[in-house]
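A.B. asks: Before I ask anything, here is the structure I am working with.
The values are calculated or read from the model by the stated rules, or taken from the named source; none is laboratory data. Owing to the predicted nature of the structure, the values given are computational and were not obtained by experimental measurement. Methodologically, a virtual Cβ is constructed for each residue, glycine included, from the backbone with ideal geometry; neighbour enumeration extends over all protein chains shown.
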Amino acid sequence: MTGFLLARPDSVVRASGVRNAFHDPWQAVDALHAGTAAITGALPFDPRRPAALIEPTGFSHTAGPWRPAALPALPRIRVVSEHPSPDEHRERVARLIGILADPRQPLRKVVAARSVLATADTALDPQILAAHLLTRHPHANVFAVDSTSAGNTGAVLVGASPETLVQRTGTSVAVYPLAGTLPRLPDPEADNAQAQRLAASTKNQAEHAFVVDWIIERLNPVCARISVPPRAQLVSTRDVWHLGTPVHGVLRDPAPTALELALLLHPTPAVCGTPTAQALEYITTHEEDRGFYGGAVGWCDSSGDGCWVVAIRSAQLSADRLTLRAWAGGGIVAASQPQAELDETTSKLHTLLDALDIPVGRE
């Protein structure tokens with residue numbers, strides 16, 4: 001088994017071995033309250049599906065970045081199919097825009113996702129995949145998580161997420177949602193203009209506001225106070241610009257654990273939509289199963305402290321280590337444009353595909 005790795009820019013958490021496994025995350029919460037030393041693992045996109053949470057036999061949390069000892073070359077990996085195809089994704093988005101433009105229905109935003117399937121000439125090592133992702137994206141949250149405990153025997157979730165779902169340290173809680181995106185451009189002047197275009201975009205600002213307002217609403221019952229900057233910030237990754245808002249709060253007593261906070265906040269409108277229940281129903285009815293894409297990866301220790309990151313810019317590696325399915329999504333609102341939404345998912349897919357030298361066309 002691969003175990004658990006979450007390498008953030010300032011810390012590394014590793015876990016191995018399985019003392020107990022939990023399909024139901026609330027049973028893991030009960031175990032924490034009963035004195036379990038730590039919980040690690042992943043939450044699925046659809047909260048009704050089995051989680052991949054474990055109480056590990058070995059757990060370490062070290063300060064500082066992960067520095068892999070070596071970076072072995074990867075075998076040739078190539079994309080063999082797209083689900084749905086680019087044309088089908090544009091059609092899906094167009095249909096969704098028509099629904100969202102109807103004021104008689106409750107949906108205001110739905111995150112539409114697509115995936116690519118890639119195969120490797122020889123078996124892939126999840127730790128080496130993670131090391132390549134870290135080298136390409138040193139400021140991301142890089143992870144490799146065995147999802148066997150959710151019934152996916154031998155399958156591993158790997159990724160390089162830019163987004164923190166929630167972090168708890170004592171009574172302090174921090175959330176940093178990202179919503180609203182435009183692709184980066186190679187020319188510096190054009191790229192700067194692209195960033196300013198995102199900051200001024202009414203469509204993207206509205207999409208971002210859905211997320212921030214929802215998070216504040218969810219945190220209010222468990223926080224004594226919450227601080228939110230007046231405007232979203234521009235956040236850059238190698239491939240895209242995002243709008244981001246750092247939200248900080250002070251928890252009421254008794255403070256919920258980091259895992260409970262993750263369950264309170266997941267799935268956010270950034271990966272699902274608004275209102276959450278209706279968006280989740282639409283996605284699970286009209287899309288393929290997302291598995292752990294758009295879920296959360298993280299840990300919680302016996303004191304209740306921990307960190308959970310949003311499982312985006314990620315792929316699921318098959319048990320035989322020969323197949324990768326990588327996902328990307330974008331928030332659709334009534335003002336969305338199908339081609340722009342396709343371009344956004346393509347740029348997000350390149351976060352992972354380029355790091356692993358996987359060629360795929362850009363439309």
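A.B. asks: I'd like the residue in the stretch 265-303 that is aromatic (Phe, Trp, Tyr) and part of a loop (DSSP other than H, G, I, E, B) and, out of all such residues, is farthest from residue 152 (Cα to Cα).
C.D. replies: We begin by selecting, within the stretch 265-303, every residue aromatic (Phe, Trp, Tyr); these are 282, 292-293, 299.
Keeping just the survivors that are part of a loop (DSSP other than H, G, I, E, B) gives 292-293.
Values: 292: 11, 293: 14 Å.
Across the stretch 265-303, the extreme among qualifying residues is 293.
A.B. asks: Enumerate the pairs (first residue in the stretch 84-110 and more than 16 Å from residue 345 (Cα to Cα); second residue anywhere and among the basic types (Lys, Arg) and in a strand (DSSP E or B)) with beta-carbon separation below 8 Å, excluding pairs fewer than 6 apart on the same chain, so at least 6 apart or on different chains.
C.D. replies: Cβ pairs passing all conditions: 100/109.
A.B. asks: What do you reckon, is residue 329 in contact with a Cys (Cβ under 9 Å, 6 or more places away or on another chain), at pLDDT 95 or above, crowded, with 19+ Cβ neighbours inside 10 Å and under 20 Å from residue 47 (Cα atoms)?
C.D. replies: Criteria not met by residue 329.
A.B. asks: Every residue in the stretch 14-32 that is closer than 22 Å to residue 291 by Cα and in a helix (DSSP H, G or I), please.
C.D. replies: Once the filter is applied, which keeps residues that are closer than 22 Å to residue 291 by Cα and in a helix (DSSP H, G or I), the stretch 14-32 yields 25, 26, 27, 28, 29.
A.B. asks: Quick check on this structure: which one of 92, 78, 104 is surrounded by 20 or more Cβ atoms within 10 Å (Cβ to Cβ), basic (Lys, Arg), out of contact with any Cys (no Cβ under 9 Å at 6 or more places or on another chain) and more than 23 Å from residue 265 (Cα to Cα)?
C.D. replies: After ruling out the rest, the residue left standing is 92.
A.B. asks: Scan the stretch 79-129 for residues that are touching a Phe, Trp or Tyr at 6+ places or on another chain (Cβ under 7 Å) and within 20 Å of residue 293 (Cα to Cα) and jot them down.
C.D. replies: Residues satisfying the conditions are 109, 110, 113, 115.
A.B. asks: Does at least one position in the stretch 89-98 carry a residue that is over 30 Å from residue 203 (Cα atoms) and out of contact with any His (no Cβ under 9 Å at 6 or more places or on another chain)? Can you show your working first?
C.D. replies: In the first step, residues of the stretch 89-98 are kept if they are over 30 Å from residue 203 (Cα atoms); the result is none.
Within the stretch 89-98, not a single residue is over 30 Å from residue 203 (Cα atoms) and out of contact with any His (no Cβ under 9 Å at 6 or more places or on another chain).
A.B. asks: Here's a follow-up. Among all residue pairs at least 6 apart or on different chains, which show Cβ distances below 8 Å where the first residue, located in the stretch 49-63, is farther than 30 Å from residue 280 by Cα and the second is part of a loop (DSSP other than H, G, I, E, B) and of a type in the set (Val, Ile, Thr)?
C.D. replies: 56/18; 57/18
A.B. asks: Sticking with this structure for a sec: Based on this model, can you work out whether residue 154 counts as assigned to a loop (DSSP other than H, G, I, E, B) and either at pLDDT below 95 or touching a Leu at 6+ places or on another chain (Cβ under 8 Å) (or both)?
C.D. replies: yes
A.B. asks: Continuing with this model, one more query. Within the set of pairs 6 or more residues apart or between chains, which connect a residue that is within 15 Å of residue 111 (Cβ to Cβ) and among the charged types (D, E, K, R) inside the stretch 191-210 to a residue that is surrounded by fewer than 16 Cβ atoms within 10 Å (Cβ to Cβ) and modelled with pLDDT under 95 with Cβ atoms less than 7 Å apart?
C.D. replies: Between residues of the stretch 191-210 that are within 15 Å of residue 111 (Cβ to Cβ) and among the charged types (D, E, K, R) and residues that are surrounded by fewer than 16 Cβ atoms within 10 Å (Cβ to Cβ) and modelled with pLDDT under 95, the close pairs are 203/335.
A.B. asks: Could you identify the single residue in 315, 296, 270 that is within 11 Å of the chain's Cα centre (by Cα), surrounded by 24 or more Cβ atoms within 10 Å (Cβ to Cβ), within 30 Å of residue 105 (Cα to Cα) and at pLDDT 95 or above?
C.D. replies: Exactly one of 315, 296, 270 is within 11 Å of the chain's Cα centre (by Cα), surrounded by 24 or more Cβ atoms within 10 Å (Cβ to Cβ), within 30 Å of residue 105 (Cα to Cα) and at pLDDT 95 or above, namely 296.
A.B. asks: Collect the residues in the stretch 245-264 that are in a loop (DSSP other than H, G, I, E, B), closer than 29 Å to residue 50 by Cβ and either in contact with a Pro (Cβ under 7 Å, 6 or more places away or on another chain) or without any contact (Cβ under 8 Å) to a residue 12 or more places away in the chain (or both), keeping them in residue-number order. Before you say what the answer is, go through the steps one by one.
C.D. replies: Here is the first cut: in the stretch 245-264, the residues in a loop (DSSP other than H, G, I, E, B) are 245-246, 252-257.
With the extra rule that they be closer than 29 Å to residue 50 by Cβ, the set shrinks to 254-257.
The answer is 254, and nothing else.
A.B. asks: Being in contact with a helix residue (DSSP H, G or I) (Cβ under 7 Å, 6 or more places away or on another chain), not hydrophobic (A, V, I, L, M, F, W, C) and not in a strand (DSSP E or B) is true for just one of 89, 139. Which residue is that? Write out each step before concluding.
C.D. replies: Values: 139 fails: in contact with a helix residue (DSSP H, G or I) (Cβ under 7 Å, 6 or more places away or on another chain).
Checking each option against the conditions leaves just 89.
A.B. asks: Look through the stretch 241-261, keep the residues that are among the aliphatic types (A, V, I, L, M) and farther than 25 Å from residue 349 by Cα, and return whichever of them is surrounded by the most Cβ atoms within 10 Å (Cβ to Cβ).
C.D. replies: Checking each candidate, the answer is 259.
A.B. asks: Right, here's the next one. I'd like to verify a number: residues in the stretch 110-138 that are surrounded by 24 or more Cβ atoms within 10 Å (Cβ to Cβ) and of a type in the set (D, E, K, R), how many?
C.D. replies: Of the residues in the stretch 110-138, 1 are surrounded by 24 or more Cβ atoms within 10 Å (Cβ to Cβ) and of a type in the set (D, E, K, R).
A.B. asks: Which residue, of 359, 267, 275, 338, is within 20 Å of residue 52 (Cβ to Cβ) and in contact (Cβ under 8 Å) with a residue 24 or more places away in the chain?
C.D. replies: Working: 359 fails: within 20 Å of residue 52 (Cβ to Cβ); 275 fails: within 20 Å of residue 52 (Cβ to Cβ); 338 fails: within 20 Å of residue 52 (Cβ to Cβ).
Step by step, each of 359, 267, 275, 338 is checked, and only 267 is within 20 Å of residue 52 (Cβ to Cβ) and in contact (Cβ under 8 Å) with a residue 24 or more places away in the chain.
A.B. asks: Kindly list the number of the only condition in (1) buried (at least 24 other Cβ atoms within 10 Å of the Cβ); (2) more than 21 Å from the chain's Cα centre (by Cα) that fails for residue 159.
C.D. replies: Here residue 159 meets the rest and fails (2).
A.B. asks: Moving on. Can you tell me which of 312, 332 is of a type in the set (A, V, I, L, M) and closer than 17 Å to residue 52 by Cβ?
C.D. replies: The match here is 312.
A.B. asks: Considering only the stretch 323-332, I want to know if a residue exists there that is part of a strand (DSSP E or B), over 16 Å from the mean Cα position of the chain (by Cα) and either small (Gly, Ala, Ser) or under 30 Å from residue 124 (Cα atoms) (or both). Show your work before the answer.
C.D. replies: Here is the first cut: in the stretch 323-332, the residues part of a strand (DSSP E or B) are 323-332.
Those left that are additionally over 16 Å from the mean Cα position of the chain (by Cα): 323-324, 332.
Now drop any that are not either small (Gly, Ala, Ser) or under 30 Å from residue 124 (Cα atoms) (or both), which leaves 323-324.
Yes, the stretch 323-332 contains a residue that is part of a strand (DSSP E or B), over 16 Å from the mean Cα position of the chain (by Cα) and either small (Gly, Ala, Ser) or under 30 Å from residue 124 (Cα atoms) (or both).
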